[in-house]
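Participant: First the structure, which I've put down as structure tokens, then a few questions once you've had a look.
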Amino acid sequence: MPFRLDPEQRFSRMAAHMPGFVFTFKVSPDGRFSFPYASGGIRNIYGLQPEQVAEDMAPLHAMAHPDDRELIEAALAGAVKDRGLFHLEFRIVHPEKGIRWLEAKSAPEPEPEPDGSIVWHGLMLDITERKQTQQRLELLERAIDLSSDAIFLLSEDFRFRYVSAAACRSLGYSREQLLGMTPLDIDPRATPELLREIQSAPLNQSIMFETMHLGSDGHIFPVEINATHFKDNGKLFGLSVVRDISERKRIEQVLQSSRVALEEAQRIGHIGSWDVDIVNDVLTWSDETFRIWEIDKTKFAATFEAFVDTVHPEDRQHVVRVYNASIADGSGYEVEHRLLFPDGRVKYILERGQPYYDADGKPLRFIGTSLDITERKHLENTLQFIAQRGWQADGESFLIALARYLGRTLTMDYVIIDRLIPRTSTAEAVAFYAKGEVLPNVQYHLAGTPCANVMEGSMCCYAERVRQLFPEDTLLREMGVESYAGLPLLDSSGRVVGLIAVMDGKPMHDVAEVTSLLQLVATRAAAELEREQSERLLQESRQFLDRVIETIADPVFVKDSEHRWVRLNQAFCDFIGQPMEALLGKYDYDFFFRARGRYIPRQGRSPVRQRRRGCQRRDIYRP
């Protein structure tokens, strides 16, 4: 019959299967610190045996990170003085695993020991992965906070779930204050009905509108909002990018008072103006409008029809419809459309205008402005891409989707995301977008390539003649690359683990926009590289375990928490006399001691309990 365990044995076995390690910590009257009891988990965390710290904690404290030792000693002194709870997060330097984050929690015995010693009982955990995840999220939030536009993430009940630093600055509230608010608290024009109307718009389609925001000091200022709604795990969220347009409004007023001021303001604000003589069908553009359209004014037909021909073919019908509707009912003209350039580049334009009539109501003129919002659209789209693709999976890896997205957004011929192969001068392209297609992964030597400079830890940008600058790079020559921009990808510890680069067969027009987008996505791409590397190492560990089990000459099987056989070696199959497919998923009682209903190991053959991170408890037996 099964033998009974006394409470101490039962606790020891339970402690052996807990994450981290359970400990008893003692401060002796002579001021000596020790761990009279430490469960076996101390081996996994510190690489120490329990008996090494039973009398003196010095071996354990010697592994404390130099920058955290004073913190640990101060916390210990405070716990001894107050005889209170001890809770601390700190780092150690493991001889094999490097820097690891630990969390210690313990509570003291109510009364000192007879000899005056003070005793705490507690648990110590390895929280390195949690800390790394927290650091990656902080990096992503820091990247978003670099945007000058305010960013709000709303839940289905319209409460703010996240606000960027720019949102706090523009409104004068702390982040904690804003997270308890809704748009009704900061927008004097907002109503519950309006919010529901915006929320009812089609998913993943942006809505742009202007309204007013109310700051904490009572100051009211105009804003432009681009709102998008999307679903995640069945829950509805709203993403709003808000721009303070106070300056733009001021500029628009200046435009009405002086033509000279108009041209200067347009040059500064990158806002073009236009004037349509409807009676004579003559279109007049400002210099800034020509610059935005990249058209030689001496070669432009200067008619409304000529303007429509410059609009992206997919947007022309919509632009004409909104223009005609504005003339018909006298409403303000506002439309967002694209420009498609011969080299494949796309610009986003926001136009606003107003028709004017004679005394008889006949339309005479149409005056308006054109704003190049390409950079903002790319920023908004990229933030939305990261927000949605950051946790969704549709069969395509995030890095491949990111490469395709950048190639299409920036109209680049090539986008490459590389993983640096450790201890070599070789890189592997884990995502390779080439002229609309995704190519298989390739490895290449970095020597003589612009990527080698990027891997040294800094951004490299060559707006033109990159083939001449790197004549040894045959791949650049074969692909016909003229321009290149690359950014290193850093892991959570600041080490270069790869790069992200874009290349094109023509000179790079807008270097600032290209580098800005690369910087925006680099943190997320680096985190994905680090995650894939962790999964790769975990898979290799599992495969290694399979090989180890198979090499054991004795029969070995592994059971899950339901006591089903989930892994066997061939020796066990030979021992039972059944093929492996007939044994997997079976129970002990299917083959042993059927009358008793379960298999009881013979004395000396007790199961060895093992617990691995991310797995259920498994029992490994050797019959």
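Participant: Going through the stretch 233-253 one residue at a time, which ones are within 16 Å of His270 (Cα to Cα) and hydrophobic (A, V, I, L, M, F, W, C)?
Facilitator: Matches in the stretch 233-253: Ile245, Ile251.
Participant: Output yes when any residue across the stretch 288-295 is within 23 Å of Pro363 (Cβ to Cβ) and surrounded by 13 or more Cβ atoms within 10 Å (Cβ to Cβ), and no when none is.
Facilitator: Within the stretch 288-295 (the criterion being within 23 Å of Pro363 (Cβ to Cβ) and surrounded by 13 or more Cβ atoms within 10 Å (Cβ to Cβ)), the answer is yes, since at least one residue qualifies.
Participant: In addition: Tell me the residue from Phe33, Phe25 that is at pLDDT 90 or above, surrounded by 20 or more Cβ atoms within 10 Å (Cβ to Cβ) and within 12 Å of Ser117 (Cα to Cα), please.
Facilitator: The unique qualifying residue is Phe25.
Participant: Can you tell me which residue in the stretch 114-137 is modelled with the lowest pLDDT, limited to those that are more than 19 Å from Val22 (Cβ to Cβ) and open to solvent by 70 Å² or more (accessible area, probe 1.4 Å)?
Facilitator: Ranking the candidates gives Leu137 first.
Participant: If the requirement is being modelled with pLDDT under 85 and either open to solvent by 50 Å² or more (accessible area, probe 1.4 Å) or in contact with a helix residue (DSSP H, G or I) (Cβ under 7 Å, 6 or more places away or on another chain) (or both), which of these qualifies: Val466, Val502, Val548, Val481?
Facilitator: One residue alone meets the criteria, Val548.
Participant: In the list Glu288, Glu294, which residue meets the criterion of being of a type outside the set (A, V, I, L, M), within 40 Å of the chain's Cα centre (by Cα) and on the phi < 0 side of the Ramachandran plot?
Facilitator: Criteria check complete, one pass: Glu288.
Participant: Just one of Leu71, Leu85 is open to solvent by 20 Å² or more (accessible area, probe 1.4 Å), more than 18 Å from Glu129 (Cβ to Cβ) and under 34 Å from the mean Cα position of the chain (by Cα); which is it?
Facilitator: Just one listed residue meets the conditions, Leu71.
Participant: Looking at (1) at pLDDT below 90; (2) open to solvent by less than 60 Å² (accessible area, probe 1.4 Å); (3) over 28 Å from Ala512 (Cβ atoms); (4) of a type in the set (D, E, K, R), which is the only condition Asp394 fails?
Facilitator: So Asp394 meets the others, but not (2).
Per-residue answers, yes or no, for (1) among the acidic types (Asp, Glu); (2) at pLDDT below 90; (3) under 23 Å from Leu383 (Cα atoms):
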position: Phe398; (1), (2), (3): no, yes, yes
position: Val415; (1), (2), (3): no, no, yes
position: Tyr433; (1), (2), (3): no, no, yes
position: His445; (1), (2), (3): no, no, no
position: Glu456; (1), (2), (3): yes, yes, no
position: Pro471; (1), (2), (3): no, no, no
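Participant: Among (1) β-branched (Val, Ile, Thr); (2) in contact (Cβ under 8 Å) with a residue 40 or more places away in the chain; (3) open to solvent by less than 20 Å² (accessible area, probe 1.4 Å), where does Ile144 come up short?
Facilitator: That leaves (3) as the condition not met.
Participant: Within the stretch 412-419, can one find any residue that is of a type in the set (D, E, K, R) and open to solvent by less than 30 Å² (accessible area, probe 1.4 Å)?
Facilitator: Among the residues of the stretch 412-419, at least one is of a type in the set (D, E, K, R) and open to solvent by less than 30 Å² (accessible area, probe 1.4 Å), which makes the answer yes.
Participant: Phe592 - would you say it is more than 30 Å from Leu476 (Cα to Cα) and surrounded by 16 or more Cβ atoms within 10 Å (Cβ to Cβ)?
Facilitator: It is false that Phe592 is more than 30 Å from Leu476 (Cα to Cα) and surrounded by 16 or more Cβ atoms within 10 Å (Cβ to Cβ).
Participant: Any residue that is more than 41 Å from the chain's Cα centre (by Cα), within 22 Å of Arg365 (Cβ to Cβ) and at pLDDT 90 or above - is there at least one of those in the stretch 330-340? Before the answer, list the steps.
Facilitator: Initially, the stretch 330-340 is screened for residues more than 41 Å from the chain's Cα centre (by Cα), giving 330-331.
Subsequent filtering for residues that are within 22 Å of Arg365 (Cβ to Cβ) retains 330-331.
Cutting the leftovers down to at pLDDT 90 or above gives us none.
No, the stretch 330-340 has no match at all.
Participant: For Glu111, only one of the following conditions fails: (1) open to solvent by 90 Å² or more (accessible area, probe 1.4 Å); (2) modelled with pLDDT under 90; (3) under 36 Å from the mean Cα position of the chain (by Cα); (4) not aliphatic (A, V, I, L, M). What is its number?
Facilitator: The number of the failed condition is (3).
Participant: With respect to the numbered conditions (1) under 28 Å from the mean Cα position of the chain (by Cα); (2) open to solvent by 40 Å² or more (accessible area, probe 1.4 Å), which one is the sole condition not fulfilled by Asn324?
Facilitator: (1)
Participant: Which of the residues spanning the stretch 435-458 are of a type in the set (A, V, I, L, M) and surrounded by fewer than 16 Cβ atoms within 10 Å (Cβ to Cβ)? Reasoning before the result, please.
Facilitator: Initial filter on the stretch 435-458 (of a type in the set (A, V, I, L, M)): 438-439, 442, 446-447, 452, 454-455.
Scanning the stretch 435-458 gives Leu439, Val442, Ala447.
Participant: Go through Ser246, Ser174 for me and flag whichever is touching a helix residue (DSSP H, G or I) at 6+ places or on another chain (Cβ under 7 Å), of a type in the set (S, T, N, Q), surrounded by fewer than 16 Cβ atoms within 10 Å (Cβ to Cβ) and under 23 Å from Asp145 (Cα atoms).
Facilitator: Ser174
Participant: In this structure, does Val311 turn out to be in contact with a His (Cβ under 8 Å, 6 or more places away or on another chain) and not polar (S, T, N, Q)?
Facilitator: In short, yes.
Participant: Quick one: which strands (runs of 3 or more DSSP E) lie wholly within the stretch 222-307 and hold at least 3 residues that are under 30 Å from Ala387 (Cα atoms) and modelled with pLDDT of 90 or more?
Facilitator: Ranges flagged: 235-244.
Participant: Related question: Scan the stretch 343-385 residue by residue and report those that are farther than 30 Å from Leu399 by Cβ and part of a loop (DSSP other than H, G, I, E, B).
Facilitator: Answer for the stretch 343-385, where residues must be farther than 30 Å from Leu399 by Cβ and part of a loop (DSSP other than H, G, I, E, B): Asp358, Ala359, Asp360, Gly361, Lys362.
Participant: So how many residues does the stretch 305-314 have that are open to solvent by less than 40 Å² (accessible area, probe 1.4 Å) and over 21 Å from Asp510 (Cβ atoms)?
Facilitator: Residues meeting the conditions: 3.
Participant: Give the number of residues within the stretch 181-218 that are farther than 21 Å from Leu383 by Cβ, open to solvent by 50 Å² or more (accessible area, probe 1.4 Å) and either of a type in the set (Phe, Trp, Tyr) or in contact with a Gly (Cβ under 8 Å, 6 or more places away or on another chain) (or both).
Facilitator: 2
Participant: Hey, Arg564 hits all of (1) buried (at least 20 other Cβ atoms within 10 Å of the Cβ); (2) basic (Lys, Arg); (3) within 23 Å of Ala582 (Cα to Cα) but one; which does it fall short on?
Facilitator: So the condition that Arg564 fails would be (1).
The values are calculated or read from the model by the stated rules, or taken from the named source; none is laboratory data. All values derive from a computational prediction rather than experimental measurement. Note that each Cβ is placed from the backbone with ideal geometry, even for glycine, and that neighbours are counted across all protein chains shown. Accessible surface is based on the protein model in full, side chains and every heavy atom, while ligands, DNA and RNA are left aside. Shrake-Rupley method; radii C 1.70, N 1.55, O 1.52, S 1.80 Å.
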